[in-house]
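Structure first, commentary second.
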Amino acid sequence: MVIKTIMFDWGGVCAKGKLGQVLGKQLSPKLKRHHKTITSAYLKYCWDYQIGKLSAKKFWMKVQEELNTNHDHDKLVKHHVTARKLNKGVVELIGKLRQNYNVILVTNTYKEYYEHSNKKYGIDKMFDDIILSYKVKSRKPELRMYKEALKRSKCKANECVFIEDKDKHLVPARKLGMKTILYKNQKDLKNRLKRIGIKW
């Protein structure tokens, strides 16, 4: 089957690093807590935040209660939305792929983080369509997220490639019949795309 759609994750693929870990290290000296403790508290509540059940204010309130700290909310949000840097090589590749394929972003994210990143980088102009967890009220690895992406792609599962840096987030894509690539680095990604016949 000919590949028509390529789906990308954002964090860890198009943007560098895992957000919870990056943020933990950045906030550690400010909150006077070990970075792993901060990351753990962050991850404990991020699921509800990513599907829109928690506002930014309630999310950070819960995280700070978990850590027994009291830091300025606006400063926490600023650290959050600016924590990661763009993976320019992958973004450049996406631009080339769009000449021959439908390219979709499928990401677990937060309203504040996405809006800041979109304003800074123009994410909505990088992709042909964008699936955001907080908008569809579901997140990877929930099957609903992948079905929504397939529906929007207007393609069959075996006409799609799903690229992600977390293997557990590739499992539902495989079950649906998509080809999958576990992202490691730019060179490996390009080699794996070439192996399945992707051209740019």
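What follows is calculated from the coordinates using simple rules that are stated; it is not laboratory data. Computed from a prediction, not measured in an experiment: that's the story for all the values here. Neighbour counts are summed over all protein chains in view; Cβ atoms, including those assigned to glycine, are modelled from backbone coordinates with ideal geometry.
Details
- Taking 0.36 nm per residue of sequence separation and removing the Cα-Cα distance, the D48/E65 pair yields an extension gain of 4.5 nm.
- The chain: most fluctuating residue of M145, M178, M61 per GNM, C-alpha cutoff 10 Å: M61
- Dipole magnitude of segment 19-81, debye to nearest 20 (Cβ charges: Lys/Arg +1, Asp/Glu -1, about Cα centre): 120
- Across segment 83-92, rounded Karplus estimates of 3J(HN,Hα) from the backbone phi angles (6.51 cos²θ - 1.76 cosθ + 1.60, θ = phi - 60°) give 5, 10, 10, 5, 8, 4, x, 5, 5, 5 Hz, Gly and Pro being marked x.
- For segment 5-69, fraction of C-alpha pairs farther apart than 21 Å, in %: 28
- Total charge dipole magnitude, the chain, about the Cα centre, Cβ charges on Lys, Arg, Asp, Glu only, Debye to nearest 20: 400
- Gaussian network model of the chain, Cα within-10 Å springs - most flexible of N108, N68, N100: N68
- Counting only aspartates and glutamates at least 8 places from K78 when in the same chain, those with an alpha carbon closer than 13 Å to its own are E112, E115.
- Each residue of segment 139-154 was assigned a 3J(HN,Hα) from its phi angle through the Karplus curve 6.51 cos²θ - 1.76 cosθ + 1.60 (θ = phi - 60°); the sequence is 9, 5, x, 5, 4, 4, 4, 6, 5, 5, 5, 4, 4, 5, 6, 6 Hz, with glycine and proline shown as x.
- Signed unit charges on C-beta, dipole axis of the chain, positive-most listed residue N158, A173, G122: N158
- Order by protection proxy (mean Cβ within 10 Å, highest first), peptides 27-34, 161-168, 10-17: 10-17, 161-168, 27-34
- What the Cβ-Cβ distance of I196 and K137 gives, at R0 = 35 Å and to the nearest 0.05, is a FRET efficiency of 0.65.
- On full extension, the segment bounded by H73 and K16 gains 18.1 nm, given 0.36 nm per residue less the C-alpha separation.
- Considering helices alone, the calculated mean residue ellipticity of the chain at 222 nm is -15500 deg cm²/dmol, with DSSP H runs of length four and up weighted by -39500 (n - 2.57) and normalised per residue.
- Taken over the chain, the alpha-carbon convex hull comes to 107 cubic angstrom per residue.
- Residues whose placed amide H lies under 5 Å from that of I6, excluding near-sequence neighbours: N102, V103, I104, V161
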